[in-house]
Amino acid sequence: MTPGNNGASTPEDDDPFGYLYADGQANGAQPPSGGYGYPGSVNRVRPVGERQYGQPQQQTAQYGQYGQPTVPQQGAYGQPQAPYGGPETFPGAGAPTGRQQPVPGGGGRGRGPNTKGLLIGAVAVVAAVVIGIAVAMANGDSDTGDNNQAGNEVSPSTSTSASAAPSESSTSKAAAELPTIDAKALKLGGGASLASDVQGAAADGGIYVNNLNNQGASVTWTVNGIPSDGTYTVFAHYSTAGEDQSMTLTVNGKKFGSPMSLENYAHAKDGDFANGWTTTYSWPTLTKGTNTISLSCENGDKCNVLLDQLYLKAGQVRR
């Protein structure tokens, strides 16, 4: 087959590159209107700086050109749509490459944390803690009752003694300041007398009562100002040496239980009264107002003691 002119509108005239040759130009071949190259090609060349970053670009295909217009892609949920990335947006082309972050405080999707809700929750927690502390303190105050009330009263038929270093009873009332009387203020009877020869007496001037080791000898204390009816502790400060002693306790004219024990808690040797000073006690029941308390040497008692003080405390206590 040899080249030749077979007339207009023949398939050979459809050569897309005919405009490059003289015979094609003679036959009226024209360059494609869409730019250089194959038909339907798109000329994407543009001057530097023409494209603006962040603005979506959309190409509209010209008539007779292939391809579809470029549409911005849908961003992920909660993220703004990314614009079309032209060549100038590629790494190294001078444009940012990272994805834009959502603006804080924006409405709708991508919203920041709900700080108002967090603040309300924190205030509620603090209020609950304060209320709990207040309730605990109120309950603590309500428990501060009279824990020293006597739960088991000592039988009135017995008297109780203690050593020189007794401890407080768990069934006692809170001790209150009540009168104390020295030997020189006691009423003496049955041959009892005052002396101060033996050292160690706690009473004023070192005065004590002696000659109690005779049947009928006694000391009597009329005490005023008892605040209420109840159990009290009467203490006796005395000295003995050698054998343990005892004397009869009488309250308001009635003998109280067994004799009050006056034991040798100091372990003083026989006759060594200076080193025999110690304390004993008993738990009688007194009435409000004035009461009479007596210690006497009765039949069967051993009364070889020196007595210098008597004093009272409220409740059942041991010191």
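Close Cβ contacts (under 6 Å, 6 or more residues apart or on different chains) running from residues in region 211-234 that are in contact (Cβ under 8 Å) with a residue 24 or more places away in the chain and outside any strand (DSSP E or B) to residues that are of a type outside the set (D, E, K, R) and surrounded by fewer than 16 Cβ atoms within 10 Å (Cβ to Cβ) comprise Asn214/Gly191; Gly216/Gly190; Ala217/Gly190; Ala217/Gly191; Asp229/Thr287. Do we have Thr280 as farther than 17 Å from Ile181 by Cα, outside any loop (DSSP other than H, G, I, E, B), open to solvent by less than 20 Å² (accessible area, probe 1.4 Å) and touching a residue at least 24 places away in the same chain (Cβ under 8 Å) here? So Thr280 fails the test.
When region 114-134 is filtered for residues that are among the aliphatic types (A, V, I, L, M) and modelled with pLDDT under 75, nothing remains. Within region 283-296, restricting attention to residues that are touching a Ser or Thr at 6+ places or on another chain (Cβ under 7 Å) and surrounded by fewer than 23 Cβ atoms within 10 Å (Cβ to Cβ), the residue that is farthest from Leu307 (Cα to Cα) is Lys288. Checking each residue in region 283-309 for being of a type outside the set (A, V, I, L, M, F, W, C) and either without any contact (Cβ under 8 Å) to a residue 24 or more places away in the chain or assigned to a loop (DSSP other than H, G, I, E, B) (or both) picks out Pro284, Thr287, Lys288, Glu298, Asn299, Gly300, Asp301, Asn304. Would you pick out the residues in region 235-268 that are closer than 27 Å to Glu177 by Cβ and free of Cβ contacts under 8 Å to residues at least 40 places away in the same chain? Result: Gly253, Lys254. Taken as a whole, the structure places Leu186 among residues that are farther than 15 Å from Phe273 by Cβ and modelled with pLDDT of 95 or more. Here is the figure for region 189-201: residues that are open to solvent by 60 Å² or more (accessible area, probe 1.4 Å) and touching a residue at least 24 places away in the same chain (Cβ under 8 Å) total 1.
Scanning region 243-274 for residues that are assigned to a loop (DSSP other than H, G, I, E, B) and open to solvent by less than 30 Å² (accessible area, probe 1.4 Å) yields a count of 4.
Check whether at least one residue in region 310-319 is closer than 20 Å to Ala183 by Cβ, open to solvent by 10 Å² or more (accessible area, probe 1.4 Å), over 51 Å from the mean Cα position of the chain (by Cα) and touching a residue at least 60 places away in the same chain (Cβ under 8 Å), and report yes or no. Within region 310-319, not a single residue is closer than 20 Å to Ala183 by Cβ, open to solvent by 10 Å² or more (accessible area, probe 1.4 Å), over 51 Å from the mean Cα position of the chain (by Cα) and touching a residue at least 60 places away in the same chain (Cβ under 8 Å).
The values are calculated or read from the model by the stated rules, or taken from the named source; none is laboratory data. What you are looking at is a predicted structure, and each value in this text was computed from that prediction instead of being measured. Positions of Cβ are generated from backbone atoms using ideal geometry, with glycine treated the same way; all protein chains shown enter the neighbour counts. Side chains included, ligands, DNA and RNA excluded: accessible areas come from the protein's heavy atoms. Shrake-Rupley method; radii C 1.70, N 1.55, O 1.52, S 1.80 Å.
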